[in-house]
Every structure is written in C-alpha cells, then in structure tokens.
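Visitor: There's a structure below that I have some questions on.
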Amino acid sequence: MIPAAIYTFSLLLLLPKGLRCSQSPTKPIVGLQLSDTGMHRDLIYTVQFTNALYDKSCNYVLEQLLPAGVYISVDQIGDLKRLKKLNGIFPEFVDIEAPTEKSKSFTIMLNGVPQSTDAIKLPIHYRYHAPSKKQKYENASIYFLFLILKVVLFFSKFATVEIPIPKLYIKCKTLEDNSIEEFLETASKYNYCLNERSISFETKINENNSNSSPKSNLAVYDNCDWYLVDVHFQLKTDLRADIPIGNEKAFPPILYATIIISWIISLYTVFRTHAIPRRINYKLEEQRVLQNKMK
Amino acid sequence: MSMSNTAAKNTPQPTKTLLSRCGTLLLELSFRTHLLISIALRLLLITYGHWHDAHSEVPYTDIDYKVVTDGARHVLQNGSPFNRHTYRYSPILAYMQLPNVLLHPALGKVIFAAFDIFVAILIYLLVRLQLQVQCRKAVHALLSKFGKIRSAQQYNETDARNRPENIARASACFWLYNPLTAIISTRGNGDSFSSFFVILTVYLLVKSEDTERSANWLIFAAGLTHGFAIHLRLYPLLFSLAYYLCLSTSLTRSARDLLRQLLFPSCRQMLLVVGTCIALFTVTGFFYTLYGWQYIHEAYLYHFVRRDVRHNFSLYFLLQYLSGNATETSLLEKLLILAPQLGLLLYLSFSFGQFRQTLTFCVFALAFVMVTFNSVVTSQYFVWYLALLPLCLNNLQAISLARAFIYFGTWLLGQALWLLPAYLLEFKTWNTFYWIGAQGVLFFLINSYLLMRLIEHYSFTSFKVNFKKLF
C-alpha cells in the first residue's frame with residue numbers, strides 16, 4: 001500500500017507540467033442540433049469552453065462545410081448580421097435557384113468568443129433534388145407489409161443529405177507565457193492562417209506556393225496563429241435529412257395528362273363561350289356602321 | 001302591446017346603425033378622400049415594414065426589393081445592375097431605386113406605392129371615360145334608328161342615372177382597398193409600375209375614340225406607352241394583337257380578314273406599331289449600349305429558358321419538376337404544351353379585342369389566361385390581372401354579389417387547398433410533389449371555370465336613356 005502511494009506521488013511529480021491533473025487541457029464541447037423538419041431549418045451549435053480561456057482574448061471559428069444539397073440565403077444572413085444575431089464569414093454569392101445536381105459544396109466560418117456556453121443559430125435551406133429512377137424508400141420494411149401502400153411507395157422517394165461535423169479553430173491574443181496546448185488539446189502541430197477571401201484555413205507551409213501572389217499571401221498571413229482544436233461533439237439530433245424526390249418514371253404519364261387537360265379546357269372554354277363575343281361584336285359592328293352613316 | 005312594439009322599433013340597434021353608417025359614409029366619400037385614406041394606409045404599411053425589418057428575422061420587405069436596391073447600388077458605383085445575382089428587370093427599376101441608397105432605404109417603396117395610387121387614378125378616369133363613350137355611342141345608335149341625329153347633341157352624355165362617377169369610384173376603390181396589392185407594393189414589389197403603363201395604353205386607346213382632333217397623337221402615344229410597358233415586362237407584348245385589332249375599321253371575321261389587316265394596316269394601326277417600336281427599341285437599345293448582352297439575357301431571354309422546379313401554383317409545375325435535368329421534351333411536345341395557351345390568347349384577342357368598348361375586358365382576360373397557363377405561377381403574378389379587373393367591374397354587373405363572393409371564395413379555396421401540400425413539402429419534408437401537382441390542376445380548373453363564367457356574364461352596355469330629354 002505504502003510503496004504504491006510513493007510510486008503514484010513520484011509519478012505525479014515527474015509528469016510534464018501541461019499534463020498535470022489541476023491544469024490538464026480539456027476539450028471544448030460542441031453540441032450540434034438540426035432544428036425542426038422541412039426544407040428550411042436551423043443548424044444550432046452550442047459551444048462550451050473551459051473557463052481558463054475566458055480572460056485570454058480568444059476567438060474561435062467553426063469551419064462548416066455545407067454539402068451541395070444545402071444552401072444559405074446571403075440576404076437572410078445579411079439581415080442576421082445586421083441584427084447582430086450571427087457573426088462569421090460567408091460566400092458573397094450562393095446560387096439559391098440551382099438544384100442539388102448543379103450545385104457544389106461550400107464552406108462557411110462562424111465566429112464566436114469562448115464562454116461557458118455560446119449558441120449559434122445558422123439558418124440553412126435544402127435544395128430540391130432532381131427526380132430519380134432509383135428505388136429508394138423510406139421505412140421500406142414497414143411499408144412493404146401492405147400491398148396497397150405499394151402505390152404510396154411509388155410516390156415516396158427520398159434522398160438523404162448529411163451535414164458533416166465542423167472543425168473548431170481558436171486564436172488567443174494574450175496567452176502570456178503559456179501556449180494554447182496548456183489549455184486545449186490541439187489536433188495539429190501547425191498553426192493556421194485564415195484566408196477570408198477563399199474562406200479557408202491555410203498552413204504557413206504553403207508560403208512558397210508559386211500559385212499565390214505575394215500580395216495575397218500577405219493578406220492571408222495577416223490573420224494567423226489559429227489552432228485546430230480537438231473537440232468533443234455532442235450530436236443532439238441526427239444531422240441527416242431526408243429530402244423528397246420525384247420519380248422520373250412518372251414523367252411520361254404526367255406529360256400526356258397535362259397536355260390533355262390543357263387542351264380539353266381550352267377547347268371547352270372556346271366551345272362554351274364563343275357565342276357571347278360573336279353576339280357582342282355584331283351589335284358593336286352594327287353601331288359602327290350606323291355611326292359611319294351619320295358621318 | 002302596440003306600445004311595446006313601438007318602443008322596440010324606436011330602440012336603436014347600435015351594431016346595425018354603426019355598420020350602415022360606416023357603409024353610407026364610405027359610399028359618400030369623394031374619390032379624393034379615398035385617395036388620401038389609401039395614401040395614409042400605404043405610408044402606414046411602409047412604416048410598419050421598416051419597423052418590422054429592424055426587429056424581426058422574417059422580413060416584411062420583399063426579396064426583390066433588396067435585389068433592385070443592390071442593382072441601384074451597382075449603378076451608383078458605375079457598374080451594371082445585372083452584377084447583382086437574380087436582377088432580371090429593366091435597368092429603369094434600379095435607377096428608380098437610387099433614392100433608397102442615397103436618401104432612405106424605404107423611399108423606393110414610397111415610389112412603388114405612389115404608382116399604386118396612380119393606377120387607381122387611371123382606373124377611375126378610364127372607367128368614367130368608357131361609360132361616357134359607351135353611353136354616347138348607344139344614344140347615337142338609338143337616335144339614328146329614329147332619324148333624329150341632331151337630338152344627340154343635346155342629350156347629356158353623363159346622364160346622372162348612369163352614375164359614371166360612382167361606378168368609376170367603386171372600381172378605383174376595388175383596387176385601392178385590395179389588401180393583396182397594397183401589401184405587395186409596400187413590400188417593395190414594382191408590379192404596379194408596369195401595370196400603370198398597361199392601363200395607360202388602354203386609356204389612351206379608348207380616349208382616342210372619344211376625340212377626333214388629336215386621335216392620331218393619342219394612338220401614337222398609346223404605342224409609345226405600350227412599347228415602354230413591353231420593355232418593363234414581357235407579358236404586355238401579348239396584348240399587341242388586341243390593341244392592333246381595336247383600331248381596325250371593320251370586323252375581322254376570318255383568317256383571311258386578319259391577313260388583310262396585317263398586310264395592309266390602316267394609318268392608325270401603323271401609328272400604333274411605329275410608336276411601340278420606337279419606344280421599345282429606343283429604351284431597350286439605350287440600355288443595351290450601357291449593359292450589353294448580359295442585360296438582354298437576364299431581363300428577357302432568361303424568362304424563355306427559365307426552368308423553375310420549385311413548387312408553385314402552375315399546372316406545369318409537376319411536369320417541369322419531373323423533367324429534371326436530364327429529360328428533354330421534344331419540339332412536338334413543346335408545341336402541344338404551348339398551343340392551348342396561344343390558341344386561347346388568339347381566341348380572346350379576336351373575340352374581345354376588335355372594339356375599344358370591349359378592350360378592357362379583353363386585356364383582363366388575356367392577362368388572366370397568361371397567368372393561368374404560365375409555367376411559373378406565384379401570388380405576385382395575380383397583380384397582372386388584379387390591376388385590370390376593376391376596369392371590367394361595370395361590365396360584370398350581371399354577377400350578383402352573392403355569386404361574386406362564391407367565385408372569389410372558390411378562387412381562394414383553390415389556393416388554400418394548394419397551400420396544404422406545399423406546407424407539408426416545405427416544412428415537413430413530406431413527399432407531396434404529386435399532391436401539389438394535383439392541386440395545381442385543381443387551381444387551373446377553378447381559374448378556367450371562373451374565366452368561362454366571367455365571359456358568360458360579360459355585357460358591354462347597360463344604359464338608361466332619358467327618352468323625354470332625348471326626343
């Protein structure tokens with residue numbers, strides 16, 4: 001018993017300073033939640049930090065990749081920024097009309113200041129998906145029990161869109177003699193520079209990259225010393241959404257049905273009403289002839 | 001018993017009295033007072049919108065207003081308004097919105113709301129003018145039958161019993177107090193602006209029939225406003241045949257007659273065509289030199305190739321969605337889709353576009369068909385025909401008030417039934433594409449039925465002639 005206690009005590013003394021129990025780095029907790037249902041949702045982030053960082057003039061950035069099936073409305077984001085309900089770096093232009101198949105994924109950055117709990121609400125919208133020929137059904141095992149619901153199956157296709165988990169970067173101005181590793185577990189040994197123009201983080205390793213001009217490098221390296229941090233994610237809801245898609249096989253019958261309806265209605269309108277304008281026009285023509293005679 | 005009855009009769013019924021007094025008061029108000037009330041209502045809505053936007057995440061302001069304001073910002077920076085994504089209007093709208101950027105962000109809405117008021121004034125003037133012209137024509141025709149042509153000069157054209165002022169005021173109020181149009185314009189939508197020029201064209205054409213001396217100038221001016229209206233929005237282009245035919249001197253009964261009319265236009269028809277071309281090509285050409293091909297593509301060509309797969313009221317929504325990115329319709333299929341709409345537009349132009357007395361109803365019916373058969377239908381498009389409906393109210397007096405409410409209720413029901421699957425798709429991600437498609441068909445059928453009923457109830461004259469005064 002006594003030798004074991006001595007061993008433990010001596011081990012604690014020999015451990016590096018940063019790993020001691022009293023100041024052991026903790027992982028920030030990022031809660032992720034996809035609100036409600038539907039094509040228009042909120043992606044809610046709940047970011048929790050250890051209180052050791054509160055007075056260190058730190059900022060954090062959540063780097064979020066949004067898949068092609070999702071878009072943000074730049075105008076809506078502008079309104080939220082104006083109301084000071086959202087802070088971050090967003091693309092200047094996002095095509096809100098294009099379907100998923102013609103869109104690409106893009107990155108956004110959400111800014112915040114470390115505190116015990118910080119909540120960020122990002123409004124996102126799902127794009128329509130092109131109809132598909134593939135048979136992909138939601139809860140197929142349940143539906144297949146009922147023959148009658150086979151019809152429903154024909155009309156109930158869905159595509160799954162999944163939002164990937166974000167990355168967390170942090171930068172502190174007043175760390176004094178301490179390094180960031182003392183407070184947080186960093187996921188990479190590099191520090192990163194935030195390129196606001198391309199909305200991405202770049203390592204200084206790319207400094208000699210021939211593709212980037214010295215001026216752009218200067219702009220990038222103006223905002224460096226960002227650290228990628230290990231995060232403990234808490235998924236409060238599923239980040240996947242099932243987006244309805246049509247059945248491409250239904251196109252021919254719908255085409256012919258639409259043509260038939262429009263033709264029948266148009267012809268019926270003419271057939272049913274043609275006598276009225278004819279009567280009016282003859283009356284007006286008679287009036288015109290009389291008027292011409294008077295002249 | 002009798003005393004108690006008398007007492008009951010004498011006891012005032014507050015609700016009924018208040019309602020009837022309000023009704024009487026509204027009827028007795030002058031047109032100017034109605035205008036002032038409407039201006040105040042619109043200013044109030046604009047102020048509310050400004051306050052709402054400052055406090056709410058869901059803005060009152062239309063997204064198009066932001067687009068046009070951004071366009072104005074680009075113009076101020078010597079750029080093109082088309083640098084703003086989804087700017088697909090005439091550059092004039094961006095220039096009109098310069099005060100938004102320079103003075104106050106809500107000023108553009110005031111400009112659009114002002115055109116709302118101008119539309120009401122035009123409706124008032126046009127309905128009054130039409131009634132006067134129709135009445136005079138009816139009297140002349142009647143007198144000529146009795147060989148008393150000279151007596152027509154003495155007959156008061158605006159016989160008080162025909163109530164042209166009252167009907168004109170009621171028609172204008174129908175527009176002024178329409179909540180849909182008031183909200184749309186105060187949210188910053190500029191559809192009233194283009195509607196103003198459409199109605200102005202019709203007004204000038206009807207006015208040209210009323211005067212002999214300056215008729216040609218009025219027709220030329222109608223051509224100019226028509227050309228400008230086409231420059232603003234493409235849809236007035238489809239009114240052209242009706243405008244052209246209403247200036248003819250004889251009835252077009254066959255395709256041969258039409259061909260003759262087109263090949264050998266009358267002097268007045270030529271004036272209309274020349275006026276239209278001058279305005280259209282001058283304004284469009286001027287902006288083409290400023291903004292190049294991008295302007296032509298975004299403002300005009302885009303609307304022909306547009307493929308909006310997002311849910312809307314259109315009959316063709318499901319078809320467009322299912323065609324997706326891969327499925328292309330053949331030329332024959334495209335023709336089969338387009339032919340019913342074109343056929344109906346031709347039919348209506350021939351049926352109601354040959355006389356200026358029926359021109360307002362013709363333009364309304366054409367706009368109604370255009371919207372009903374459009375590949376994309378949203379609430380905003382309803383303004384196209386709602387601005388023209390008040391012009392025809394006098395011609396639809398055969399419809400009783402109860403029946404009018406039933407028709408209006410049916411039209412609203414069609415939209416409400418569509419809203420349910422649209423809500424389930426947008427906010428519950430239910431797969432309701434086919435349901436929305438079916439409701440689109442139902443709304444299309446309702447609109448077509450309403451068009452038929454309106455045509456069936458249409459009458460162009462209903463005059464009371466004072467025979468004692470006449471003979």
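The values are calculated or read from the model by the stated rules, or taken from the named source; none is laboratory data. Everything numeric here is computed off the predicted structure, so don't read it as measured data. All Cβ positions, glycine included, derive from the backbone under ideal geometry; neighbour counts span all protein chains shown. Ligands, DNA and RNA are excluded from the accessible area calculation, which covers all protein heavy atoms including side chains. Shrake-Rupley method; radii C 1.70, N 1.55, O 1.52, S 1.80 Å.
Visitor: Anything in region A:97-106 that is more than 8 Å from chain B (Cβ to nearest Cβ) and either under 20 Å from B:R306 (Cα atoms) or in a loop (DSSP other than H, G, I, E, B) (or both)? List them, or say none.
Guide: Residues satisfying the conditions are A:A98, A:T100, A:S103, A:K104, A:S105.
Visitor: Now a separate question. Which one of these is among the hydrophobic types (A, V, I, L, M, F, W, C) and either closer than 19 Å to B:R356 by Cα or touching a His at 6+ places or on another chain (Cβ under 7 Å) (or both): B:L251, B:L315?
Guide: Matching residue, one of B:L251, B:L315: B:L251.
Visitor: Filter region A:240-257 for residues that are open to solvent by 10 Å² or more (accessible area, probe 1.4 Å) and either in a strand (DSSP E or B) or within 7 Å of chain B (Cβ to nearest Cβ) (or both) and give the result.
Guide: Those that are open to solvent by 10 Å² or more (accessible area, probe 1.4 Å) and either in a strand (DSSP E or B) or within 7 Å of chain B (Cβ to nearest Cβ) (or both): A:R240, A:D242, A:I245, A:E248, A:F251, A:I254.
Visitor: Further question: Considering each residue of region B:330-350, count those that are open to solvent by less than 10 Å² (accessible area, probe 1.4 Å) and within 9 Å of chain A (Cβ to nearest Cβ), and give that number.
Guide: Selection size over region B:330-350: 3.
Visitor: Mind checking which pairs have a first residue in region B:299-319 that is away from chain A (no Cβ under 13 Å) and a second that is in a helix (DSSP H, G or I) and open to solvent by 10 Å² or more (accessible area, probe 1.4 Å), Cβ under 7 Å, 6 or more apart or different chains?
Guide: Taking only residues 6 or more apart or on different chains, the pairs are B:F313/B:W418.
Visitor: What are the pairs, 6+ residues apart or on separate chains, where a residue within region A:191-203 that is on the phi > 0 side of the Ramachandran plot has its Cβ under 8 Å from a residue that is open to solvent by 30 Å² or more (accessible area, probe 1.4 Å) and among the hydroxyl-bearing types (S, T, Y)?
Guide: Pairs found: A:I199/A:T107.
Visitor: Still on this structure, I have one more. In region B:59-115, what residues are polar (S, T, N, Q) and touching a Phe, Trp or Tyr at 6+ places or on another chain (Cβ under 6 Å)?
Guide: Answer for region B:59-115, where residues must be polar (S, T, N, Q) and touching a Phe, Trp or Tyr at 6+ places or on another chain (Cβ under 6 Å): just B:S80.
Visitor: Right, another one. Report the residue count in region B:105-142 for those that are small (G, A, S), away from chain A (no Cβ under 14 Å) and more than 15 Å from the chain's Cα centre (by Cα).
Guide: Matching residues across region B:105-142 total 4.
Visitor: Let me ask something additional. Can you name every one of the helices (runs of 4 or more DSSP H) wholly within region B:353-471 that holds 3 or more residues which are within 14 Å of chain A (Cβ to nearest Cβ) and open to solvent by 20 Å² or more (accessible area, probe 1.4 Å)?
Guide: B:401-428, B:433-456
Visitor: Ok, one more. For A:L267, indicate whether it is of a type outside the set (D, E) and under 30 Å from A:Q33 (Cα atoms).
Guide: no
Visitor: If I filter region B:264-271 for residues that are without any contact (Cβ under 8 Å) to a residue 12 or more places away in the chain and closer than 26 Å to A:N292 by Cα, do I get at least one hit?
Guide: yes
Visitor: Applying the selection to region B:151-184, what residues are modelled with pLDDT of 90 or more and among the hydroxyl-bearing types (S, T, Y)?
Guide: Once the filter is applied, which keeps residues that are modelled with pLDDT of 90 or more and among the hydroxyl-bearing types (S, T, Y), region B:151-184 yields B:S171, B:Y177.
Visitor: Hey, among the residues in region B:59-86 that are facing chain A (nearest Cβ under 9 Å) and assigned to a loop (DSSP other than H, G, I, E, B), which one's surrounded by the fewest Cβ atoms within 10 Å (Cβ to Cβ)?
Guide: Within region B:59-86, the match that is surrounded by the fewest Cβ atoms within 10 Å (Cβ to Cβ) is B:H85.
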